[in-house]
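The values are calculated or read from the model by the stated rules, or taken from the named source; none is laboratory data. Worth saying up front: this structure is predicted, and the values here are computed from it rather than measured. Reconstructed Cβ throughout: ideal geometry from the backbone, glycine too, with neighbour counts over all protein chains shown. The accessibility values were calculated without ligands, DNA or RNA, using every heavy atom of the protein model including side chains. Shrake-Rupley method; radii C 1.70, N 1.55, O 1.52, S 1.80 Å.
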Amino acid sequence: MRPSSLQKREAALRTAERQFLATGYESVTMDSIAAECGIAKQTLYSHFGSKRALFLELVTAETVDTSRTVLSPAPRIDPHDEPRTALRELLVGQLAAVLTPNIVGLRRLVIGELPRSPELAAALYEHGPKRAIANLAGIVAELQAAGVLRSADPERAAAQLNWMVMGEPLNRAMMLGDAALPDRAEIEAQVDLALELLFEGLATHPAGD
């Protein structure tokens, strides 16, 4: 049975991702992608139009899939039922999903292409960090309304929490390579400290009271 148009498209994306991560953006060509996945170059162009358009679709699809893994359905945190535990589970899943070799590798490539293709970074940000922060902001607002956290700008508080969770381990992985990716215990410890700082910093009753 001949592969369908959708199967050819998915095969091309998988092949392109492997080549991009293995050798970098510039060294990959539509010829090399077509040759490896057994698709005519003309067919490849009919699906994507250009290498840059293919890369944009790949980055968008990977980022959306990663977000969907931890944010679909939209997380619900019951303020009256151990919200810290539920928030911990969400953030551990989010950090683990982001800190994979493929996602970190694509992020490196996107940053390298920023001067030539800012739309790649915009897509990654829109479907990744921006969406994650928006979801966290909703949770922070619910916790504030329930009196679990004191009032503060929910979006700013969510952005700070996102950075406390993601910042240091993501920076290490981006700059030091896949060997610097944390294990599960390190991910959980990172999230635990971030939540401790959040709940102490926005406690409704300061420790001295």
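Some notes on this structure:
- From the list Q94, Q144, Q190, the one residue that fits, being in a helix (DSSP H, G or I), buried (at least 18 other Cβ atoms within 10 Å of the Cβ) and modelled with pLDDT of 95 or more, is Q190.
- Residues satisfying the stated conditions in the stretch 67-83, i.e. surrounded by 15 or more Cβ atoms within 10 Å (Cβ to Cβ) and either out of contact with any Gly (no Cβ under 7 Å at 6 or more places or on another chain) or aliphatic (A, V, I, L, M) (or both): V70, L71, P75, I77, P79, P83
- In the stretch 171-188, the residue that is nearest to the chain's Cα centre (by Cα) out of those that are within 14 Å of L91 (Cα to Cα) and in contact (Cβ under 8 Å) with a residue 12 or more places away in the chain is I187.
- Considering residues of the stretch 1-17 that are charged (D, E, K, R) and farther than 20 Å from S117 by Cβ only, the residue most open to solvent (accessible area, probe 1.4 Å): R2
- Considering each residue of the stretch 24-37 in turn, none proves to be in contact with a Pro (Cβ under 9 Å, 6 or more places away or on another chain), of a type outside the set (V, I, T) and assigned to a loop (DSSP other than H, G, I, E, B).
- Being at pLDDT below 95, over 20 Å from P79 (Cβ atoms) and of a type in the set (D, E, K, R) is a property that does not hold for D183.
- L106 assigned to a helix (DSSP H, G or I), under 23 Å from A22 (Cβ atoms) and touching a residue at least 12 places away in the same chain (Cβ under 8 Å): yes
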